[in-house]
Amino acid sequence: MHAIGVDIGGTKIAAGLVDEDGRIIAKTRRDTDPRDSGSVDRGVIEACQELAEQYEIGAIGLAAPGFIGTDQATVLFTPNLPWREHPLRDIVAKELGDEVEIVVANDANAAGWAEFRFGAAREEQDMLLLTIGTGLGGAIVVNGELVLGAWGVAAEVGHMRVVPGGHYCGCGHEGCWEQYASGSALVRDAQSALITEPARGTRLLELAGGDADALTGPHVTQAAQEGDPLAVELLAELGRWIGEGSASVAALLDPSIVVIGGGVSAAGDLLLAPARRGVPRPAVGARSPPGGDVRARLHGQRRGHRGRGGPRAPLRPPARPRRARRSRGRPRVRRARRASGCVRRPRRPSRRAPCPAGAASARAGRPGPARTSPPTPA
């Protein structure tokens, strides 16, 4: 039995057919208009129909950007596509039939689980994945488990606000990390440079056919690989933003590896070298921790289909055996667990009465564990 994984991006749809071992058998692609919801829906359906003509299909995974409902069927909100409460699974099932299970997952979570199972992080237990395409997505694996959060929308790192009052973002806020560390940011800065430094932008303008509005991220990457100084500087600035933002996330999560994926990662060391320089090693007392590694995702976009192909795999990953670790001469601390809205600290039992259910959430000014509906995006 085979499965289909579909990666829905801002300007294109990439789909792959995978077997039970995660091997990609076939793949296809469709270009779409991000302003036309119907165009995206048709692209998804046509890509699935093309792949299903040749093989028996048991499941379809649809990886979409933005917030995905807990029903694994609805795209609640996405800043780069005109989807609001969009019933994606039902639209696709209407054309393909109900006999095939269809699951909708966040695209970065799907890619992150694929990297953890089959890719650059397969030997790790704690990972941060950044998918750098039209926008900036993220996936977090902690202790071998995919972090989803209370509503399934954790790891939206692209919408951390890093520049107060900065560039406007499609999410409705200003200064989001995505506006400085994404393919869209790269193109915006390149187009601006063509206006402010026309003498240096000759090669970029040539690749764009003489039209600055037609400039794309791959044009900048190609020019940089050819040695164009302006293009190299643009990718270096993008890499710096990626590295410094990653350092902020790493200060909270302490991942052993940061995996860079997405179309922009095709630039290789032109992007990764500045990103590595942007990740400082923070000092803790008199010692510095080893810090995380920053690697490019192997084989470009191909592994993303693997995480999306299996039914419910990206959202409810099975437990993976934990690798044995050597003692490093420090006490082992168990992770804190949340239960009924209360946080119990490991190895330090409280002498006070247990916190009643929902009390901690009430003190924080938000509803308790009886929440039943996802938050409304700004």
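The values are calculated or read from the model by the stated rules, or taken from the named source; none is laboratory data. The model shown is predicted, which means the values in this text are computed figures rather than measured ones. Because the Cβ atoms are built from the backbone with ideal geometry, glycine has one as well, and the counts that use them run over all protein chains shown.
The figures follow:
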| read-out | value |
| --- | --- |
| Condition broken by ILE195, with the remaining ones in (1) over 19 Å from VAL6 (Cα atoms); (2) modelled with pLDDT under 95; (3) within 17 Å of the chain's Cα centre (by Cα); (4) part of a helix (DSSP H, G or I) satisfied | (3) |
| Flag if ALA155 is within 16 Å of GLY262 (Cβ to Cβ), in the same structural domain as PRO218 (by TED's automatic domain parsing) and within 11 Å of the chain's Cα centre (by Cα) | yes |
| Residue match in the stretch 99-112 (condition: more than 19 Å from GLY261 (Cα to Cα), surrounded by fewer than 22 Cβ atoms within 10 Å (Cβ to Cβ), of a type outside the set (A, V, I, L, M) and outside the structural domain of VAL157 (by TED's automatic domain parsing)) | yes |
| Search result, residues across the stretch 29-44 that are within 22 Å of ALA114 (Cβ to Cβ) and surrounded by fewer than 18 Cβ atoms within 10 Å (Cβ to Cβ) | ARG29 |
| Count - residues of the stretch 24-42 that are closer than 16 Å to ARG89 by Cβ, in contact with a His (Cβ under 8 Å, 6 or more places away or on another chain) and without any contact (Cβ under 8 Å) to a residue 40 or more places away in the chain | 0 |
| Restricting the stretch 66-90 to residues that are buried (at least 23 other Cβ atoms within 10 Å of the Cβ) and of a type outside the set (A, V, I, L, M, F, W, C), the residue that is nearest to CYS169 (Cα to Cα) | THR78 |
| Restricting the stretch 237-258 to residues that are assigned to a loop (DSSP other than H, G, I, E, B) and not charged (D, E, K, R), the residue that is surrounded by the most Cβ atoms within 10 Å (Cβ to Cβ) | PRO255 |
| Flag for ARG161 being surrounded by fewer than 21 Cβ atoms within 10 Å (Cβ to Cβ), touching a Gly at 6+ places or on another chain (Cβ under 6 Å) and basic (Lys, Arg) | yes |
| Residue in the stretch 77-97 that is part of a strand (DSSP E or B) and charged (D, E, K, R) present | yes |
| Test result for ALA93, aliphatic (A, V, I, L, M), surrounded by 17 or more Cβ atoms within 10 Å (Cβ to Cβ) and free of Cβ contacts under 8 Å to residues at least 40 places away in the same chain | yes |
| Among (1) of a type outside the set (Lys, Arg); (2) part of a loop (DSSP other than H, G, I, E, B); (3) surrounded by 24 or more Cβ atoms within 10 Å (Cβ to Cβ) - the single one GLU124 does not satisfy | (3) |
| Test: ILE140 is crowded, with 22+ Cβ neighbours inside 10 Å, assigned by TED's automatic domain parsing to the domain that holds SER246, β-branched (Val, Ile, Thr) and at pLDDT 90 or above | yes |
